[in-house]
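Student: I'd like to ask some things about the structure below.
The values are calculated or read from the model by the stated rules, or taken from the named source; none is laboratory data. Note that this is a predicted model, so its numbers are computed, not measured. Here the Cβ positions follow ideal geometry from the backbone for every residue, glycine too, while neighbour counts run over all protein chains shown. Just so you know, the surface numbers come from the protein's heavy atoms only, side chains and all, with ligands and any DNA or RNA stripped out. Shrake-Rupley method; radii C 1.70, N 1.55, O 1.52, S 1.80 Å.
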Amino acid sequence: MEKLYQEHQNTTVLLYGTSYSGKEDFIRTFIKDKDAFYYRCRDISPEEQKRLFLEEIRGRFGSVLKEESYEEGFRRMRSKDGSRLVIVLDEFQFLARRDTEILSALTSLKAKKLYPGPVMIVLAASNLSWVVRDFDETVGSYRKQINERIKLGDVSFLDVVRTFPSFSVPDAV
């Protein structure tokens, strides 16, 4: 991740691992001395998700938003010293599964249409089954925006079996 952070182009990383993979500690360590915006998505309605996301932006950046949209939220983000801004959307599956507006906003963000400085977008998920089976379908063409997919931790036997619920255990293995 540090190597990707050092690149001059905008990057998007899909970071995933099971609930016990240490994902949160890894993210916390990675953003420790960086200018970063962290938002943990929740399993709530799209309207409530957007409201909480924008509330977090208002609190972090002291911004007044002209409209209630993800794009406007990204427009109001600023790096304190002009360094690369790291934007972490943890538990991204809760947002992506219910609101495609975020994918359009992330595409514009990466293309420097919303934020003029360099950004690194980290989409983190602990639902291994969703990442393996449904991520590409859920995000559609946005999957082409992913520069790197990083899996934390080893996959356990139960993770493999749970990834393929319609298969018998021998078939899943």
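Student: If a residue must be more than 18 Å from Ile102 (Cβ to Cβ) and either touching a Cys at 6+ places or on another chain (Cβ under 9 Å) or among the charged types (D, E, K, R) (or both), how many such residues does the stretch 138-153 contain?
Tutor: Within the stretch 138-153, residues that are more than 18 Å from Ile102 (Cβ to Cβ) and either touching a Cys at 6+ places or on another chain (Cβ under 9 Å) or among the charged types (D, E, K, R) (or both) number 3.
Student: Moving to a separate point now. Out of (1) touching an Asp or Glu at 6+ places or on another chain (Cβ under 6 Å); (2) modelled with pLDDT of 95 or more, the odd one out for Glu47 is which?
Tutor: Result: Glu47 fails condition (1) only.
Student: Scan the stretch 16-50 for residues that are under 23 Å from Arg78 (Cα atoms), in a helix (DSSP H, G or I) and either β-branched (Val, Ile, Thr) or open to solvent by 80 Å² or more (accessible area, probe 1.4 Å) (or both) and jot them down.
Tutor: Ile27, Arg28, Thr29, Ile31
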